[in-house]
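The values are calculated or read from the model by the stated rules, or taken from the named source; none is laboratory data. Since we're looking at a predicted model, the values are computed, not measured. Cβ sites come from the backbone with ideal geometry, for glycine too, and all protein chains shown count toward neighbours. Heads up: the accessible areas ignore ligands, DNA and RNA and are worked out on the full protein's heavy atoms, side chains in. Shrake-Rupley method; radii C 1.70, N 1.55, O 1.52, S 1.80 Å.
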Amino acid sequence: MIYAFRILAAAFSIYSLMCAARIVLTWIPGAEQSGGGRFLAAVCDPFLNFFRVGWLRFGALDFSPLLALSVLTMASYVMQNLSAGGRITIGYVLALLIQMAWSIVSSILIFLIIILAVRLVVFLTGADRSSPLWAQIDASLNPFVYSITKIFSGGRPIAYKSALILSIVIVFLLRVFGHFVIGGLAGLCALIPL
């Protein structure tokens, strides 16, 4: 039985890598039409499409693949635990669910930090501000940036550069603080003996 759990854990890990490759191929123009792209689409899209939910969409960005990959990772962890002779308790499952949810939120926060930092660099260098790409990025970022700055500036308007810097700092601190809090919470949940 231990070997069956190991095989299942490996299968979940391999399928997770295939899904990750499928996701990356969607970002490369023309890569989806290749033989490998069509194969990955046929194998992975039914699973990935199951997780396409509206609450993980932010404008043109869709973070639902993170949920799908998190579920595969969680399934692999469960199988690895079972193959090592471990028990599956309610606390263990709860800890995995908390870590899965945090993994999604953490990935979104890291992505947001990167986008904010790139936007700040482009703003500071004065690079092509009239580009449709930056207009679309600003349309997605500005409501978020100004809602954060409104909280910390007491509702007073602040310069765009300052708003970007403040947003980067706040999101970074949220990511770091969340890492420790969620790690501790998951650790406590894992101790539940049921």
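Computed values, structure above
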read-out: Every residue from the range 82-91 that is open to solvent by less than 50 Å² (accessible area, probe 1.4 Å) and under 16 Å from residue 186 (Cα atoms); value: 89, 91
read-out: Residue count, the range 12-32 (criterion: open to solvent by less than 50 Å² (accessible area, probe 1.4 Å), within 17 Å of residue 46 (Cα to Cα) and free of Cβ contacts under 8 Å to residues at least 24 places away in the same chain); value: 2
read-out: Odd one out for residue 42 among (1) at pLDDT below 85; (2) assigned to a helix (DSSP H, G or I); value: (1)
read-out: Flag for residue 159 being loosely packed, with under 15 Cβ neighbours inside 10 Å, at pLDDT below 90 and over 30 Å from residue 2 (Cβ atoms); value: yes
read-out: Failed item in (1) within 28 Å of residue 112 (Cα to Cα); (2) open to solvent by less than 40 Å² (accessible area, probe 1.4 Å), with residue 79 passing the rest; value: (1)
read-out: Residue match in the range 127-146 (condition: within 30 Å of residue 2 (Cβ to Cβ) and surrounded by fewer than 16 Cβ atoms within 10 Å (Cβ to Cβ)); value: no
read-out: The range 94-108 residues that are more than 25 Å from residue 168 (Cα to Cα) and open to solvent by 40 Å² or more (accessible area, probe 1.4 Å), paired with ones that are modelled with pLDDT of 85 or more and of a type in the set (A, V, I, L, M, F, W, C) (beta carbon under 6 Å, 6 or more apart); value: 94/189
read-out: Answer residue from the range 13-35, given it is over 23 Å from residue 73 (Cβ atoms) and part of a helix (DSSP H, G or I) and is modelled with the highest pLDDT among those; value: 35
read-out: Flag for residue 120 being more than 16 Å from residue 73 (Cβ to Cβ), crowded, with 17+ Cβ neighbours inside 10 Å and under 18 Å from the mean Cα position of the chain (by Cα); value: no
read-out: Which listed residue is hydrophobic (A, V, I, L, M, F, W, C), open to solvent by 70 Å² or more (accessible area, probe 1.4 Å) and part of a helix (DSSP H, G or I), from 115, 151; value: 151
